[in-house]
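To keep things clear, I will list the structure first and then write my remarks on it.
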Amino acid sequence: MNLYPLGLKLDGLRVLVVGAGAVATRRVPALLDAGAEVTVVAPEATPALEGMAQTGRITLHRRRFEPADVDGAWLVTVAVDDPAAGALASAAARERKVFCVRADDRHAATAWTPAVTRHGPVTVAVLGGGDPKRSAAVRDSIRDHLESANEEAAEPQRGTVALVGGGPGDPELITVRGRRLVAAADVVVVDRLAPGLLLDELRPEAEVVDASKIPYGPARTQEEINAVLVDRAVKGKFVVRLKGGDPYLFGRGGEELLACAAHQIPVLVVPGVTSALAAPAAAGIPVTHRGVAHELVVVSGHLPPGHPESLVDWSALGRLRGTLCVLMGLKNLPAIAAALIDGGRPPTTPAAVVQEATTAAQQVVHATLATVAGEAARVAPPAVVIIGDVVRALSLEEAAPGVQEEGE
């Protein structure tokens, strides 16, 4: 069978999905991403589709399919494992001259869904002549090639700055998009905490600008870093500002964006995995846990409690019961712990310090709020301090049942 490949513009057009199980759950997000107005018909639905219906993203009719459901549809997707129901939907679509995709029987369908991979603005669809495994294999091969290739068409224009979050340290924890942009960069302005192994993958002609800030030591000023970003972008370079963690969480990404905006330089922001979440996770600590912690506060400890420039109310944090993650707080940890205890946090509150999380040099120190400053004396930055009962949540012999939370 020879197929005629075609891309459908479904923006604002009604698409009918018959069935609301696992297959429909996979198919509906792509239809919504294409702008389709999705109607789902099924006696029961997965929680994911129920949630989409509750938020108004789809229209869900909890009943069996009726031929009249096809009226007004531009496309029908049958996602059921009932051959009789699938045949009924196919017949109704054919009668109304509407293309129909059959997940249960591709030979009875009038349209096939290809294996798809997306690379920036480019979408590649593979039709394997009725062999979905072959389609997926070819698709995966193309995807791997695109991810490793430096395709100009998929990257921003010259004279652009990308603020890329490099994640907590392990180079495999940078986002796919972030890694692709780093590979395409003309200039990489890199932090000390960014995953350094990524620099070994740069193009030979790429310029690397060291923007390291050594704690309480030598450092480029933020003004100098801003000036480098603007200078290289004005010269028509594609500049990546590679940061550890996330650009907007204590990464001064906002300041860099404003500096570029003042010179009409386009800025792309690529979020990253922050160490505030990754470090506890790497140490086996969930920052929230049902029945243990319903709140999380991430705070900078680079200024001690009582410092005139500090914006942190440590006394208020001491009254909280949830999880506190302190970044850049090793030097001031004795004063921070004392302030939290003075604010009402019990001295016996579990605490942990995670050094160089997700890397081969990771170390974890367990303590209490009263002892954490002393225990952390043998830890070097970068490190994240976690304070709260979640530190021992997964080590309890019997997890607290807690209260069923909305949405679970």
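The values are calculated or read from the model by the stated rules, or taken from the named source; none is laboratory data. It should be emphasised that the depicted structure is a prediction, and the values quoted were computed from it without experimental measurement. Note: ideal-geometry Cβ built from the backbone for every residue, glycine included; neighbour counts use all protein chains shown.
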For the range 250-267, give me the residue count where each residue is buried (at least 18 other Cβ atoms within 10 Å of the Cβ), farther than 16 Å from S212 by Cβ and touching a Pro at 6+ places or on another chain (Cβ under 9 Å). 3
Testing A376 on (1) farther than 26 Å from I174 by Cα; (2) surrounded by fewer than 17 Cβ atoms within 10 Å (Cβ to Cβ); (3) in contact (Cβ under 8 Å) with a residue 40 or more places away in the chain, one condition comes back false. Which one is that? (2)
Across the range 278-308, the tally of residues that are under 18 Å from the mean Cα position of the chain (by Cα) and crowded, with 21+ Cβ neighbours inside 10 Å stands at 5
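Just for the range 350-373: of the residues that are of a type in the set (V, I, T) and either in contact with a strand residue (DSSP E or B) (Cβ under 6 Å, 6 or more places away or on another chain) or under 14 Å from L333 (Cβ atoms) (or both), which one is surrounded by the fewest Cβ atoms within 10 Å (Cβ to Cβ)?
Taking the candidates together, the pick is T371.
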Within the bounds of the range 225-232, is there any residue that is of a type in the set (S, T, N, Q) and in contact with a helix residue (DSSP H, G or I) (Cβ under 7 Å, 6 or more places away or on another chain)? yes
Looking at the range 13-50, which of the residues that are part of a loop (DSSP other than H, G, I, E, B) and more than 28 Å from the chain's Cα centre (by Cα) is surrounded by the most Cβ atoms within 10 Å (Cβ to Cβ)? G19
Test: E255 is over 27 Å from the mean Cα position of the chain (by Cα) and of a type in the set (D, E, K, R): no
Just to be sure before I move on: is C325 touching a Leu at 6+ places or on another chain (Cβ under 8 Å), closer than 21 Å to P346 by Cα and not acidic (D, E) in the structure I sent? yes
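If you check R345 against the conditions, is it surrounded by fewer than 15 Cβ atoms within 10 Å (Cβ to Cβ) and touching a residue at least 24 places away in the same chain (Cβ under 8 Å)?
no
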In the range 54-75, what residues are at pLDDT 95 or above, in a helix (DSSP H, G or I) and loosely packed, with under 13 Cβ neighbours inside 10 Å? A68
